[in-house]
1. In a loop (DSSP other than H, G, I, E, B) and of a type in the set (Asp, Glu): is that true of Glu105 in this structure?
2. Just checking, how many residues over the stretch 30-45 are surrounded by fewer than 11 Cβ atoms within 10 Å (Cβ to Cβ) and in contact with a strand residue (DSSP E or B) (Cβ under 6 Å, 6 or more places away or on another chain)?
3. Check off (1) among the small types (Gly, Ala, Ser); (2) within 16 Å of Tyr27 (Cα to Cα); (3) surrounded by 16 or more Cβ atoms within 10 Å (Cβ to Cβ) for Ser89 and give me the number that stays unchecked.
4. Quick one: in the stretch 95-106, which of the residues that are loosely packed, with under 15 Cβ neighbours inside 10 Å and touching a residue at least 40 places away in the same chain (Cβ under 8 Å) is farthest from Phe51 (Cα to Cα)?
5. How many residues does the stretch 50-62 hold that are modelled with pLDDT of 95 or more and open to solvent by 60 Å² or more (accessible area, probe 1.4 Å)?
6. Show the residue pairs that are 6+ apart or on different chains and have beta-carbon atoms under 9 Å apart, the first residue being within the stretch 51-67 and on the phi > 0 side of the Ramachandran plot, the second being modelled with pLDDT of 95 or more and hydroxyl-bearing (Ser, Thr, Tyr).
Amino acid sequence: MRHLAIALAIAITAALTAGAAADISPYISYQGVLRDALGSIVPDDTYQVVFRIYDVPTGGTELWTETLDVDVEGGMMNVKLGTTVPLNSIDFDVPYWLGISVAGEAELSPRTEFTTV
C-alpha cells in the first residue's frame, strides 16, 4: 500500500510539472524610457514604435518585426512584444538583439541584447 501511495504521489507531481511547462507566455514584456536627442524625457503621448529582432548586435537582417502604438507616460513605455505579430518564428536558442525605432526615426543604438531573467 505504501508503494502505491508513493507511485501515486510521483505521478501527480509529474503531471503537474508537465502542465506548468506548457504555460509559457507567447509574449515578451519590454519596458524602457524614451528620451529625445538631448537626453530629456519625451512628452506624454502615443508614439509609433517599431521593434525588430536580429541575431547580430549590429547590421544583419531582421528576423522579426512588429509595429505598435505605444502610450508613453513620464517617459516610460511598457509593451508586450508578440501581440500583433507572433514570435513563434523565433526559437530563442541562440542570442538575439532587439532594435527599436521611434516615430519613423533611425534605429536606436546600441541594440538591446535579450537575456534571461
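The values are calculated or read from the model by the stated rules, or taken from the named source; none is laboratory data. Since this is a predicted model, take the numbers as computed values, not measurements. For neighbour counting, all protein chains shown are included, and Cβ atoms are generated from backbone atoms with ideal geometry for every residue, glycine included. These accessible areas exclude ligands, DNA and RNA; they are computed on the full protein's heavy atoms, side chains included. Shrake-Rupley method; radii C 1.70, N 1.55, O 1.52, S 1.80 Å.
1. Spelling it out, Glu105 is indeed in a loop (DSSP other than H, G, I, E, B) and of a type in the set (Asp, Glu).
2. Here the count works out to 1.
3. (3)
4. Within the stretch 95-106, the match that is farthest from Phe51 (Cα to Cα) is Pro95.
5. Result for the stretch 50-62: 2.
6. That search, which allows pairs on different chains as well, returns Gly60/Tyr54.
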